[in-house]
Amino acid sequence: MTVTDRPWTYLETYYAGAYWGVRREAPEDCGLRTAKLLELLSACDPFLEHWYKPARSLKDARKFPMMPPDVPTLTELFRRGVNREKGKPVIEELGFHCNLNNAGGDYDNSALSIHCGCYSEVVPNSCVLSLPTLGRSPNAERVISAPVLTHAVRSMALAMDPDWAVAASYAYRKMDEDNRAGPWVGWVTYFSKQRGTVPPLPAPVRIEPVEDKGTLIVLTPERFTVANPEHVALARRVRELLTRAGLLNTRTR
């Protein structure tokens, strides 16, 4: 069966994201965390081995490689990525922002958007990895898989120390309206140990520890898609169990 024979799979686009609450950090701290993340992501898949600074074009971006990770350069990117209104002082409580990409084509591209060092109660810290497009990228079939995305979410957990993290499709995210603020359940979900203990979950769900930091939950070994009603039903059942266990409330560290 070709990709075009599977319209839902073809239309679904995927991402991985990590989220945490108030954490005041300096640009140097953000640079160190991001350097560790890039190193860990590079071991996920060859597609995630190369990262570049933002530029006007992909051609220009390839002139500014970030691998191996350069902490001073990353620190400077965060230092420049402050929030301010024109002509006014920096809004320090909103932290720092940094964007990186792997300089692929329009549909064969991944990007990292990192917001850290924020200590506002209103704006969360986050790290979001966009992924290539199924059917239009030669790498997407391989990258959008349980092993690669489990490794990617684990990498975010180890480097960014988030409250929770998820890898999912935007199509499923739109279907899951119960908790817009998060956390929400995805194909791969991570919870910090501070959130509580993950309860036993039904097969084929896999549960595994992330060192001493928290727990990963992988719903299915095959690609999770909203085109499969069994996948959607499984996600809903797991969400119910996690809600009962208190893991899906909106508190953040």
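Cβ crowding within 10 Å ranks 70, 212, 60 as 212, 60, 70, fewest other Cβ atoms first.
Note on the chain: Cα Rg divided by 2.2 N^0.38 Å, N the number of residues, gives 1.01. Report the local net charge at residue 47: Lys and Arg +1, Asp and Glu -1, summed over other residues whose C-beta lies under 13 Å from its C-beta. Neighbour charge sum, excluding residue 47 itself: -3. Each Cα pair under 8 Å and six or more residues apart adds its sequence gap; the mean of these over the residue count of segment 3-244 is a relative contact order of 22 percent.
Give me the number: length gained by fully extending residue 56 to residue 91, i.e. 0.36 nm times residue separation minus the C-alpha to C-alpha distance, one decimal in nm. If you can, show how the numbers build up before the last one.
Working: separation 35, 0.36 × 35 = 12.60 nm, distance 2.64 nm.
Stretched fully, the residue 56-residue 91 segment lengthens by 10.0 nm.
The modelled label-to-label distance between residue 171 and residue 228, using points 7 Å beyond Cα along the C-beta direction, is 1.3 nm.
Would you please name the GluC sites (Glu not before Pro) within segment 51-146 that are DSSP coil residues with at most 12 other C-beta atoms within 10 Å of their C-beta?
Details: sites: 76, 85, 92, 93, 121, 141; in loops: 85, 121.
Of the GluC sites (Glu not before Pro), the ones in loops of segment 51-146 whose Cβ has at most 12 other Cβ atoms within 10 Å are 85, 121.
In this Cβ point-charge picture (+1 for Lys and Arg, -1 for Asp and Glu), the chain has a dipole of about 360 debye about its Cα centre. Calculated mean residue ellipticity, 222 nm, the chain: -8500 deg cm²/dmol, from DSSP H runs (n ≥ 4) at -39500 (n - 2.57) each, averaged per residue and rounded to 500. Among the GluC sites (Glu not before Pro) in segment 180-251, those located in a DSSP loop and surrounded by at most 12 other Cβ atoms within 10 Å of their own Cβ are 211, 222.
Multiplying the residue separation of residue 212 and residue 161 by 0.36 nm and removing their Cα-Cα distance gives an extension gain of 17.3 nm. At a Förster distance of 41 Å, what's the computed FRET efficiency of residue 245 paired with residue 36, Cβ-Cβ distance as r, to 0.05? Efficiency, from the Cβ-Cβ distance: 0.85.
All of the numbers you see were taken from the coordinates with simple rules; none came from a lab. Here the structure is a predicted model, which means the values were calculated and not measured. Cβ atoms come from the backbone with ideal geometry, glycine included; neighbour counts cover every protein chain shown.
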